[in-house]
Ligand SMILES: Cc1cc2nc3c(=O)[nH]c(=O)nc-3n(C[C@H](O)[C@H](O)[C@H](O)COP(=O)(O)OP(=O)(O)OC[C@H]3O[C@@H](n4cnc5c(N)ncnc54)[C@H](O)[C@@H]3O)c2cc1C
């Protein structure tokens, strides 16, 4: 095992929580500092692909996620009127009989599952606390926290998301997130019984679809071309989303007609970021969106975050020098994360250009096939 026994994790999102769980499983003590005193999560629903479910299985959470979310094996491709034109069914279950090919879950539910597992793992969690300053020697990393306390650790892992402040501290000159020209709408609405798997609507004015997230609920997603990145006032979200849904029939059309002030709607301009290699500086490393933030076109950001956690915990448990473990981490993760970021951005560009559906489907299929590879 490397000399790492105490790890400080900045950020209690998907990457930070998955890492704390994975480290505690290997006998390495993990401490999370999370800046939000209420440890909230924003967002509606999230799609969990087969590779994401495979990664969640390795931290012992597959069954809970399957029970509390909604999983399925096929996705229906529909025309803008809602007629099914193709059912994309992967033959069998490539990740093993227990692991469905896809699914969805409400973000707050996934957060509850991960945060409960983090606390149960024995990891320490301090809320409303961040890092004020970092000092590194060859032997340790010392941190002053924003509440005035101090601590010394073997490794600092920055899992503080796409707008990571620690990235700017550790990697002066690192690229900033870049707006990609699209905004993502999501809305959680009641699920009719016949929406029993994912639906993607192609050939309409914009890309949209539906993902079931529980026995009673589903979320719709819609990707709008917003070249000037306008402000979308929250009080107008129901009308703005309904306007974008004009021209769709089927289940999506029904959702549009029922959208009201009570709908749980979320809008976010999309950004991407890929930090050049390596992702570590001395005894500090970046994981998750802090190192590689993707648009949601391949629904893989959360999965990559959990995979980062698994690979880092695995390498820290190997009997090699820390610098070598961190170097191997980026080497193992970079190409897979780059592929997801670049191909997701490309899919967005194809949507904006209204490129033939076939070209989009082929890139989507090839990317998902690449993600079935072991990590
Ligand atoms: C619109 C949209 C839709 C998406 N849909 C999907 C999807 O369907 N499927 C999917 O797999 N992925 C999806 N993603 C991507 C996914 O949400 C992210 O990849 C994932 O949340 C990354 O996890 P993370 O832990 O790295 O970062 P985050 O989830 O951003 O967590 C970072 C945490 O760090 C905390 N923090 C921030 N700064 C500090 C600090 N200085 N000190 C301490 N704590 C700090 C934050 O409060 C937060 O808790 C989507 C993303 C977007 C934008």
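Points to keep in mind about this one:
- Spin-label zone in the range 14-33 - amide nitrogen under 19 Å from a point set 7 Å from the Cα of residue 319 along the C-beta vector: 26-28
- Computed on the range 58-117, the Cα convex hull volume stands at 90 Å³ per residue.
- On a per residue basis, the convex hull of the C-alpha atoms belonging to the range 102-142 measures out at 156 Å³.
- Calculated SAXS-style log₁₀ I(q)/I(0) at q = 0.17, 0.19, 0.23, 0.31 Å⁻¹ - the range 291-344, Debye, Cα scatterers: -0.53, -0.63, -0.82, -1.19
- Degrees, to the nearest 10: 301-316 long Cα axis against longest axis of the chain: 20 degrees
- Using a cutoff of 8 angstrom between alpha carbon atoms and counting only pairs six or more residues apart, the relative contact order for the chain works out to 23 percent.
- FRET efficiency estimate (nearest 0.05) - Cβ-Cβ, residue 139 to residue 332, R0 22 angstrom: 0.30
- Each listed q (0.10, 0.15 Å⁻¹) maps to a log10 I(q)/I(0) for the range 1-125, found by the Debye formula over equal Cα scatterers with no solvent: -0.39, -0.76.
- Three semi-axes describe the equivalent ellipsoid of the range 142-184; taken as square roots of 5 times the Cα gyration tensor eigenvalues and ordered largest first, they are 28, 12, 9 Å.
- Whole-number percent relative contact order across the range 213-268, with pairs defined as alpha carbons under 8 Å at least 6 apart: 33 percent
- Stokes-Einstein diffusion for the chain, with the hydrodynamic radius set to the Kirkwood value over Cα pairs and evaluated at 4 °C in a medium of 1.567 mPa s, equals 61 µm²/s.
- Axis of helix 14-25 versus longest Cα principal axis of the chain: the two differ by about 50°, to the nearest ten degrees.
- Rg over Rh [alpha-carbon atoms, Kirkwood Rh] for the range 180-285: 1.10
- Only Cα pairs under 8 Å and 6+ residues apart enter the sum, and on that basis the relative contact order of the range 246-375 stands at 23 percent.
- Helix-only CD estimate at 222 nm, as mean residue ellipticity for the chain, using -39500 (n - 2.57) per DSSP H run (n ≥ 4): -11000 deg cm²/dmol
- Gyration tensor verdict on the range 109-186 (Cα atoms; rounded if a/c is under 1.5, prolate if a/b is larger than b/c, oblate otherwise): oblate
- Between the C-alpha center of the range 23-46 and that of the range 114-189 there is a gap of 10 Å.
- Helix 357-371 and the longest principal axis of the C-alpha atoms of the chain enclose an angle of approximately 30°.
FYI, it's all coordinate maths here, none of it is from the lab. Computed from a predicted structure; not experimentally measured. Neighbour counts run over all protein chains shown; Cβ positions are idealised from the backbone, glycine included.
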